[in-house]
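The values are calculated or read from the model by the stated rules, or taken from the named source; none is laboratory data. As the structure is a prediction and not an experimental result, all values here were calculated from the model. Glycine gets a Cβ as well: all are built from the backbone with ideal geometry, and neighbour counts include every protein chain shown.
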Amino acid sequence: MSRSVSSRHHDIADDLRRQITTGLIEPGERLPSEAGLADRYKVSTVTLRSALAALQAEGLVQKIHGKGNFVRRPGRKIMYVGGWGTLDPWTAAEAALRVTVRTNTVQANGHLTTLLKVPTGSPLAEFFCISHEGESPHGLARIYIPRDLAPAGVLGDDESSWRETATRFAVLGSPPAAVRETVCARPPTADEASALRIRSAVAVLAITRVATDTAGRVVEAALLVFPGSRVDAVFTTHLVTDERQTQG
C-alpha cells in the first residue's frame, strides 16, 4: 500500500525545513515554483501546497502573492530588562522599533482589582502598546495606572508624545519604590496571537509587572507579552552586604 498523501506532505515539509535550517536555502531566497517543486518530489500540486502551508504556519516560509514562496528572514531579538521594564532596541542591532499607543479610561474589574488593589469600578488609565520593527510585531503591553495617579494631560494627548517611553514599555508614572515581576511561558490567547501575528502553538513570554510606592500603594500594573523567539528577559539581582559583616 502506498504512503498516504498526509505522510507524503509531511516528508516534503521535513526536507524543505532541513534545507532552510541548515542554510542550503538562505533567508530571503525564493523557493522554486510550486509546479517545479511538485515535479521534483513527484507529487501533485495539492500535496506540495499542503507541505508549504505547514512551513508557512511555522513562520519559515512566506508566500507573496504574484511572486512566490520565500524563506523568511529570522526576526531580531530584543532584550527586556527586568525591574524597570526597559525594552532595549539597541540589543537588536539598532532595530528601528516603533510603537502604536492607544490610551483610554477603563473601570477596574476582575484581575485588575487584585493587581492594583482597588475596588471594582475604580477608574484606571489604560495604555495599550504594540511595538513593531517594520511590519513585524515585537511585543504588546497593557499598562494600567490609577486614574488619579496618571500624569497630567496624558489621556487624549497625541500618541507621539509617549512614543519614546512606551517603546521601552517602561514604568510610565513616577519612579516606584519597588517593582515585582512574575514571568511565565504559555500559549497566547486568540487576541494575542492575532496582534502578534503568531500561531496559537507558539509560546509567548508573559510578564506581569506591579510597581508600588514607599507607602505600598500600587502605582502601576502592566501585562506584557512577547513571542518567545523574539525576546530575551534579563533580571539582575543586587546583593546588599551587611555592614556588620564587613566591619567584623
>> Only one of L223, L155, L196, L172 is of a type in the set (A, V, I, L, M) and at pLDDT 90 or above. Can you tell me which?
In response: L223
> Any residue at all in the range 146-153 that is more than 30 Å from R73 (Cβ to Cβ), assigned to a strand (DSSP E or B) and in the same structural domain as D191 (by TED's automatic domain parsing)?
Replying inline: yes
